[in-house]
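J.: My structure is below; once you've seen it, I'll send some questions.
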Amino acid sequence: METKAFDAYVPMHASAEASGARGAKLVLFSVKSTDTERAGAALAPYVEPGAIVLSLQNGVDNAQRLAAALGREVVPAVVYVAVEMAGPGHVRHHGRSELLIGRSARSPDIGARIAAAFGAAGVPVEVSDNVIGALWAKLVVNCAYNALSAIAQLPYGRMVQGDGVPAVMRDVVDECLAVARAVGVEVPRDLLQAVPRIAETMPGQFSSTAQDLARGKPTEIDHLNGFVVRRGDALGVPTPANRVLLALVKLLEERGSPRG
């Protein structure tokens, strides 16, 4: 699908309260990974019995964590959308790929219904039998880009031009793939080639981790490189490059915190 640049004012009804989800047939859950349980607990009383809950988050285990908080099925999704908050109520869009969603164990037609709703809005959606593999692929991309972009405070296109940066990214990807193999997850075979292309398709994008650090906010690093480090430790898979990036981002978080 061709993507065109546009400026538009999009009117919407918004609420800062979880009760705003009351009566919704489709709930798009897109909070930071660090807020999954807290937001899920707040949302639980207001989700209708027949509603579909879709997790649109970074990381590989949010759908499971949210399902535990809600006490109901949550459909996982993989989102490749590059955006930034350019100001209050102002979202700047840098690029996207298709939305990939998993199948529902509760009802086989849920995926098709979600795809139809998004398709009617001009958003391409694919239903996958291996959404966990796609979530891991997204995790690998995030591990390769997010911390480095955050530490350097550079967009992807500039970041990858740094001396030694592509080699570091390859080390990170290799470690992530080794952990994925140890877990038994099948990721796309072209991932090693696909990772560098992100900088070509989204050269102006700062990672979400970079944006969080710039605003002095907590990052999702514990659910990205930190997740890989923890799983690697548990499985006996060395992850030194991911461990260094995790430590550096945590230090920068401390520096930007009120007590830092």
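The values are calculated or read from the model by the stated rules, or taken from the named source; none is laboratory data. Predicted, not measured: the structure shown is a model, and the values here were computed from it. Because the Cβ atoms are built from the backbone with ideal geometry, glycine has one as well, and the counts that use them run over all protein chains shown. In case anyone asks, the SASA skips ligands and DNA or RNA and just uses the protein heavy atoms, side chains included. Shrake-Rupley method; radii C 1.70, N 1.55, O 1.52, S 1.80 Å.
J.: Here is a check on your reading of the model: is Val79 at pLDDT below 90 and touching a helix residue (DSSP H, G or I) at 6+ places or on another chain (Cβ under 9 Å)?
T.: yes
J.: Look at Ala134 and say whether it is of a type in the set (A, V, I, L, M) and open to solvent by 20 Å² or more (accessible area, probe 1.4 Å).
T.: The answer is no for Ala134.
J.: Let me ask you something else. Test each condition in (1) farther than 28 Å from Val53 by Cα; (2) open to solvent by 30 Å² or more (accessible area, probe 1.4 Å); (3) at pLDDT 95 or above for Tyr145 and report the one that comes out false.
T.: Result: Tyr145 passes all but (2).
J.: Given the structure, is Val179 touching a Cys at 6+ places or on another chain (Cβ under 6 Å), open to solvent by less than 70 Å² (accessible area, probe 1.4 Å), part of a helix (DSSP H, G or I) and over 30 Å from Gly87 (Cβ atoms)? Talk me through it step by step, then tell me what you get.
T.: Details: touching a Cys at 6+ places or on another chain (Cβ under 6 Å): no; open to solvent by less than 70 Å² (accessible area, probe 1.4 Å): yes; part of a helix (DSSP H, G or I): yes; over 30 Å from Gly87 (Cβ atoms): yes.
Criteria not met by Val179.
J.: Can you tell me which residue among Arg255, Arg231 is open to solvent by 70 Å² or more (accessible area, probe 1.4 Å), of a type outside the set (S, T, N, Q), outside any loop (DSSP other than H, G, I, E, B) and modelled with pLDDT of 95 or more?
T.: Criteria check complete, one pass: Arg231.
J.: Restricting the search to the stretch 125-147, which residues are more than 30 Å from Gly162 (Cβ to Cβ) and in contact with a strand residue (DSSP E or B) (Cβ under 7 Å, 6 or more places away or on another chain)?
T.: Hits for the stretch 125-147 are Val125, Glu126, Val127, Ser128, Val131.
J.: From the set of residues in the stretch 40-67 that are without any contact (Cβ under 8 Å) to a residue 24 or more places away in the chain and under 20 Å from the mean Cα position of the chain (by Cα), which is least open to solvent (accessible area, probe 1.4 Å)?
T.: Ala67
J.: Return yes when Leu213 is in contact (Cβ under 8 Å) with a residue 12 or more places away in the chain and over 23 Å from Val131 (Cβ atoms) and no when it is not. Don't jump to the end; show me each part of the working.
T.: Numbers: in contact (Cβ under 8 Å) with a residue 12 or more places away in the chain: yes; over 23 Å from Val131 (Cβ atoms): yes.
Criteria met by Leu213.
J.: Same structure, new question: Can you tell me which residue among Val172, Val168 is touching a residue at least 40 places away in the same chain (Cβ under 8 Å) and surrounded by fewer than 20 Cβ atoms within 10 Å (Cβ to Cβ)?
T.: Val168 is the lone residue from the list that is touching a residue at least 40 places away in the same chain (Cβ under 8 Å) and surrounded by fewer than 20 Cβ atoms within 10 Å (Cβ to Cβ).
J.: Out of the residues in the stretch 205-228 meeting the condition of being of a type in the set (Ser, Thr, Tyr) and assigned to a helix (DSSP H, G or I), tell me which one is nearest to Asp171 (Cα to Cα). Steps first, please.
T.: Going through the stretch 205-228, the residues of a type in the set (Ser, Thr, Tyr) turn out to be 207-209, 219.
Filter once more, so that each one left must be assigned to a helix (DSSP H, G or I): 208-209.
On the way: Ser208: 21, Thr209: 20 Å.
By that ranking, first place goes to Thr209.
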